[in-house]
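Reading through the structure tokens given below for one structure.
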There are 4 protein chains.
Amino acid sequence: MKQEKRARDWNITIGTLPAGPRNKITDVKGITVGHVTIKDKDIHTGVTAILPHQGNLFKEKVVGASHVLNGFGKTMGTVQINELGTIETPILLTNTLSVGNCATGLIKYTLRDNPEIGRTTGTVNPIVAECNDMYLNDIRHISINENHVYEAIRDAKVDYAEGAIGAGTGMKCFGLKGGIGSSSRVISIQGKTFTIGALALTNFGRLHDLMINGKKIGESISNSMENSNDMDKERGSVIIIVATDLPVTERQLQRIIKRCGIGLSHTGSKMGHGSGDIVIGFTTASTIAHDSTKKILSHDFIHEEELDLAFHAVAEATEEGIINSLLASETTTGRAGKKLESLTEYINDFF
Amino acid sequence: MKQEKRARDWNITIGTLPAGPRNKITDVKGITVGHVTIKDKDIHTGVTAILPHQGNLFKEKVVGASHVLNGFGKTMGTVQINELGTIETPILLTNTLSVGNCATGLIKYTLRDNPEIGRTTGTVNPIVAECNDMYLNDIRHISINENHVYEAIRDAKVDYAEGAIGAGTGMKCFGLKGGIGSSSRVISIQGKTFTIGALALTNFGRLHDLMINGKKIGESISNSMENSNDMDKERGSVIIIVATDLPVTERQLQRIIKRCGIGLSHTGSKMGHGSGDIVIGFTTASTIAHDSTKKILSHDFIHEEELDLAFHAVAEATEEGIINSLLASETTTGRAGKKLESLTEYINDFF
Amino acid sequence: MKQEKRARDWNITIGTLPAGPRNKITDVKGITVGHVTIKDKDIHTGVTAILPHQGNLFKEKVVGASHVLNGFGKTMGTVQINELGTIETPILLTNTLSVGNCATGLIKYTLRDNPEIGRTTGTVNPIVAECNDMYLNDIRHISINENHVYEAIRDAKVDYAEGAIGAGTGMKCFGLKGGIGSSSRVISIQGKTFTIGALALTNFGRLHDLMINGKKIGESISNSMENSNDMDKERGSVIIIVATDLPVTERQLQRIIKRCGIGLSHTGSKMGHGSGDIVIGFTTASTIAHDSTKKILSHDFIHEEELDLAFHAVAEATEEGIINSLLASETTTGRAGKKLESLTEYINDFF
Amino acid sequence: MKQEKRARDWNITIGTLPAGPRNKITDVKGITVGHVTIKDKDIHTGVTAILPHQGNLFKEKVVGASHVLNGFGKTMGTVQINELGTIETPILLTNTLSVGNCATGLIKYTLRDNPEIGRTTGTVNPIVAECNDMYLNDIRHISINENHVYEAIRDAKVDYAEGAIGAGTGMKCFGLKGGIGSSSRVISIQGKTFTIGALALTNFGRLHDLMINGKKIGESISNSMENSNDMDKERGSVIIIVATDLPVTERQLQRIIKRCGIGLSHTGSKMGHGSGDIVIGFTTASTIAHDSTKKILSHDFIHEEELDLAFHAVAEATEEGIINSLLASETTTGRAGKKLESLTEYINDFF
């Protein structure tokens, strides 16, 4: 695996809470992330899969929640997450026009392992989120097929790569190269430690608005660029996946993931009209069996007063994850020769 | 077109408001409905397409809204409807595991007519809703492909068929054969007449709960059946599409479509846990151009006090549309020899 | 206590699930209901208090949820219920223009027992819901004061009265005398029994729409009335309080209370524009301590698949509770000589 | 009127859009703001009234929307705003335990001018929002009465004061003295100029988190304080009132006011668990008559693509309004000798 430089390699440390050992979403035990990257002439796109645990997710669901910061997006699966508070498939990220094919792939993946679906039990709710990578990718050529879903899931590991990879391959963020980035925080409640991780697929923002750790560096970078393409409106989107092992109810989880908006705001996002800014979160603290002989279950959850630490953690991890997505992404030339520079070309001027 | 018998052929008239000339959703001018039906041994499924108008929907969007009565469902596209209040594609109905393929088909259909998508403008939000037809259909064999989307849209007409056709081919409702049904109502405001139509894809309910125009006939039918399969929990779903030419804001439209729950309740639904009961509505009163040189637009809307008539109309049309879906559906034998009887086998005992 | 005749005294039995011993919301153990009734010339109004348990609610909160069926209403306290999923005061019902005074009374009541509020801990979230009793009551004369709050709470008991009493004193429902009514259902999950109760404050509906157990009796009653006042739009409101001892999360509780809309629909309501139709529910299965030394708590909850029984129960209890409110209310003459007849004047013609 | 120093007096300019002539919410034509301030020994509290226009608001309603950033709050009136999209009273701000009395005062104020309420038309929806000023104010002594409502409304003017005044009298923000602050932005769409103003009642945040225009100054201030009281959890609340003359639908308005969260985030808020962070907005672009002979109305609204400017404007005005609330508030000693310092004691070290 290539070793990307990340925010902390430039001494950019967001907030005050300690990061986990990898400073990635996979610091939450059991989670893995896989990519498939498709690059071929005008095609720059891919799929990223987040696996909440390594068992059969349909049979052992995780408690989940979603939150729409701005809904100009085509994410699939949130109606059922909101109603039932559970997630029962890996979460896929891809480009906007490939949500359908990813959904079909994810359905087939789940059918394969669960022969009772469509026979003795109901159906499955595939979770697929998206950003529009049309700047670097010929998105009209729907390049993602069902096999890429299998490939991304098969690739899932704890030490996954970040940057212009997987679903992040063709993304554009603050007029620079965006992609996949993540971060984590460790908090302690009554002597026990818990981890909150965030993974972002970044494809939003105007360069003028870019802010890192309070420094408004976007305008300066824009001025030093040869061909700034910053006249664009804020388009694109950001998808943020939040994972934790904190015992929380789905309502508490939703309160936590709403604070991704704070981290996102701190990078300079105005959650523009044309942006689909969506968060999906889950906790691995306990699972809910699809078929249960016990009809009355029991779950732990933290006292509401303890949520503040989790709010801080998720805001920090989101902000640092977004910055990592920029720093890990290398300068890329894509469709029709369009080029997006890496933030690393400019970061030394500021940090 | 076969001539189904409908509720009024049994002198079942729901409510007090007058129906439109066809008593179908297509009484709202400009709307057409098309079906593709797939029947082959264990396959009993299909696609139904509702076209809000006959122009380019992406370029001339209609004001839309969605409402989740119960969210155990996989409908795609509602995040963006909720945020933007517009619908920009035909609305597709299909089986649960075919949402992905229908979405891809609908995306390609829209790309074909809009070469600027993914080049100079953003992307498209496909609307696909679903019910689970696994009782009569081998849903694991994902039989719907992208071409069926084109076929259903091409088939769209004002005088469409109802019953076990299109997306309704394999559906089961109150332990009987369900499918597609619709109805309409005409209301008058300050001397002008407006139409509200509802089209339902029915796949919900326990036979014991069936009620028609206040008569609780389900238990009696169940007792007279040879093999009642009514021990099932309430599974399945119902999708209701509401169309009107009434000038309303998207907030007013959402208030209107929430009243579909009243009509649904009157048929005996308890909106069971396992049911995805979702409403999508739109008004054709005016359209919103994707690209507009005018930056300040103007729309008519009715005074809030006038909404009550629309509430009554949509509740009545929903109730009668659901009953029509039952009466228009013929007895069907599907997957593995499973058989669902038509309500018409029993209706003469009661009406 | 006067012994009102209720639905079952006319052999009107809603649904199939068994009622609890009292067939009231107080069949859920620990709950009491109190009234204060104010009648003086043009004044016909009051306060009804529902106590979720008999301890200090601020210190031991119950899990709660609210649901807006139609939001033309002034209910206070739902913002915090939605965020935190807890209820920490008695729930008060009163007339629309007295919400402020009831809130102040409820605040003072809570302050009295909790000297740490405003000193070492935060504040309290009073829950006050309302309907508009202007037909029989001179609502402009704000007759409710803080002392009435204490009085209603002090009156709380298990065997409370129903009908034109407390907050129900001046209410009008389906053009007849409305008021307070309730009902309960007992369900069994894995050998354990649980109770779900509903209490309704009824002030909604047009007489023509009235339906009891499927019989559309409103039009007939209207025709036999000397002076039907049924030309009115659907005004007023209905408030429904749901209580249970079923172990459920706040999300599950919200799913349950949404089904009050089914029972409400079955009485003939169209949830008119001008109606504030609001549900507040809670479970007594476990409480959450305001101050907890334990930072990680644990709650039981039923498996999601078991919710259907609760859905049926709450729909049935709501429907029967509304009918009880009509049958328990006697003919009343109020403000400016306006008179509302009791449904009991007509019920013998139908049941 | 005392002349407070505001952010721009320290050369703190938030964002890039121009402010209106007063840089206050009253730059939106027709709006006035009034205060009543109550200071007496342990009492430090008050009421602030925002009048959307100078006519009879009940008869000529403004289009309104509300948004809950974090719902640990007791704001009254949002259920009906959400349902109907209109505001029909002045908006009152006060302390948490005085919402009831303010509601009653606001009801009586409206009754006085509208004799048909409770007679020939329905009731009124009072809007009252609150923060908890218990640090400096003896909130248990409910000091606000109905007359203060009249007084605050009567005081309403275009050139209102900011800081520790009105509802802001006893508030605490980032461990410093909070209060009332506002700001405005002017945007241009197709040659026409429009104004967006924000007024904040600030009572939130931990000093360590304070950030002004990207500078993280909170920790440094905390270190230089003699007695930092920053060990507190994030308590309190912030209420933000947004006004504009931009023609927008209620859905568009809600999209705009959601962006207050961005401005709030930039000051260092983490929207803590114990904080009631609530936004209420309205547009004066057109009004809706309570009684209208026209049953079909028409409103202008901007094309959705034009919203981005409004998003930027409201985020900037919110951020600057919050900073103004800190800078305009003078050091105050309140209940039990507790003292909160003004940010102005420290600001010269940073700007």
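The values are calculated or read from the model by the stated rules, or taken from the named source; none is laboratory data. Because the structure is predicted, anything quoted here is derived from the model rather than measured. We place every Cβ from the backbone using ideal geometry, glycine too, and count neighbours over all the protein chains shown. Ligands, DNA and RNA are excluded from the accessible area calculation, which covers all protein heavy atoms including side chains. Shrake-Rupley method; radii C 1.70, N 1.55, O 1.52, S 1.80 Å.
Values for this structure:
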quantity	calculated
Carbon + sulfur, % of accessible area of segment B:260-338 - ligands and nucleic acids excluded, 1.4 Å	49 percent
Top positive-direction residue, dipole computed over segment C:18-344 with Cβ charges, set C:L207, C:G105, C:N223	C:G105
Charge tally in the Cβ shell below 11 Å around B:G214, where Lys, Arg are +1 and Asp, Glu are -1, B:G214 excluded	+3
Of C:S275, C:S298, C:S98, the one that fluctuates the most in a GNM where chain C has Cα springs shorter than 10 Å	C:S298
With DNA, RNA and ligands ignored, accessible area of D:D349 (1.4 Å probe; Å², nearest 10)	120 Å²
Normalised alpha carbon radius of gyration of the protein assembly as shown [divisor 2.2 N^0.38 Å]	0.87
Size of segment A:144-238 as Cα extents on the principal axes (Å, biggest first)	47, 44, 19
Tilt relative to chain D, helix D:99-113 - C-alpha long axis, 0 to 90 degrees, to 10	30 degrees
Pairs from C:K339/D:K59; C:K108/D:K270; B:K74/D:K270; D:K172/D:K215; A:K295/C:K29 whose Cα-Cα separation, in the structure shown, is over 24 Å	C:K339/D:K59; C:K108/D:K270; B:K74/D:K270
Alpha carbon centroid spacing (whole Å) that separates segment B:110-139 from segment B:76-107	5 Å
Rg ratio (alpha-carbon, reference 2.2 N^0.38 Å) - segment B:1-112	1.25
P(r) histogram, all alpha-carbon pairs of chain A included - 20 Å bins from 0, percent	34, 58, 8, 0
Test item: Cα-centred dipole of the protein assembly as shown, Lys/Arg +1 and Asp/Glu -1 on Cβ, debye	0 debye
Mean separation of Cα contacts under 8 Å (6+ apart) over length of chain B, as relative contact order %	26 percent
Folded to 0 to 90 degrees: helix B:307-327 orientation relative to chain B principal axis, Cα	40 degrees
Protein accessible surface hidden between C and B, which excludes ligands and nucleic acids, total in Å², probe 1.4 Å	2700 Å²
In order through segment B:172-181: 3J(HN,Hα) via Karplus (6.51 cos²θ - 1.76 cosθ + 1.60), integer Hz, x for Gly, Pro	10, 9, 6, x, 10, 6, x, x, 9, x
Derived scalar couplings ³J(HN,Hα) [segment B:130-139; Karplus, 6.51 cos²θ - 1.76 cosθ + 1.60; whole Hz; x for Gly, Pro]	8, 10, 9, 9, 5, 5, 9, 10, 6, 5
Three semi-axes of the equivalent ellipsoid, segment B:94-157, Cα gyration tensor, whole Å, largest first	26, 12, 9
In Å², nearest 10: area of B:M211 left accessible to a 1.4 Å probe	10 Å²
Per-residue SASA entry for D:I189, accessible area with 1.4 Å probe, Å² rounded to 10	0 Å²
Which of D:N23, D:L309, D:S66, positive extreme of dipole for segment D:18-344 (C-beta unit charges)	D:S66
Residue-normalised accessible area of segment B:18-344, given per residue in Å² at a 1.4 Å probe	27 Å²
Prolate/oblate/rounded call for segment D:193-306, Cα gyration tensor, a/c under 1.5 rounded	prolate
Hz values of 3J(HN,Hα) by residue in segment A:277-289 - Karplus curve (6.51, -1.76, 1.60), Gly and Pro given as x	9, 10, 10, 10, x, 8, 10, 9, 4, 7, 10, 10, 6
Accessible-area composition of segment A:1-150, carbon plus sulfur, in percent [1.4 Å probe]	49 percent
Cα-based shape type of segment C:134-182, given that a ≥ b ≥ c are square roots of the gyration tensor eigenvalues and the cut on a/c is 1.5	oblate
Anisotropy class of segment D:51-209 from Cα gyration tensor, a/c 1.5 cut	oblate
Peptide B:134-146 - average C-beta neighbours from other chains (10 Å radius)	3
Pairwise centroid distance, computed over Cα atoms, of segment C:13-56 with segment C:251-320, Å	17 Å
Percentage, to the nearest whole number, of Cα pairs in segment C:275-348 over 18 Å apart	67 percent
Residues along segment D:299-337 losing 50 Å² or more of accessible surface when the other protein chains are present rather than the chain by itself (probe 1.4 Å)	D:F301, D:H303, D:E305, D:D308, D:H312
Neighbouring partner chain Cβ atoms per residue of D:91-100, average, 10 Å criterion	5
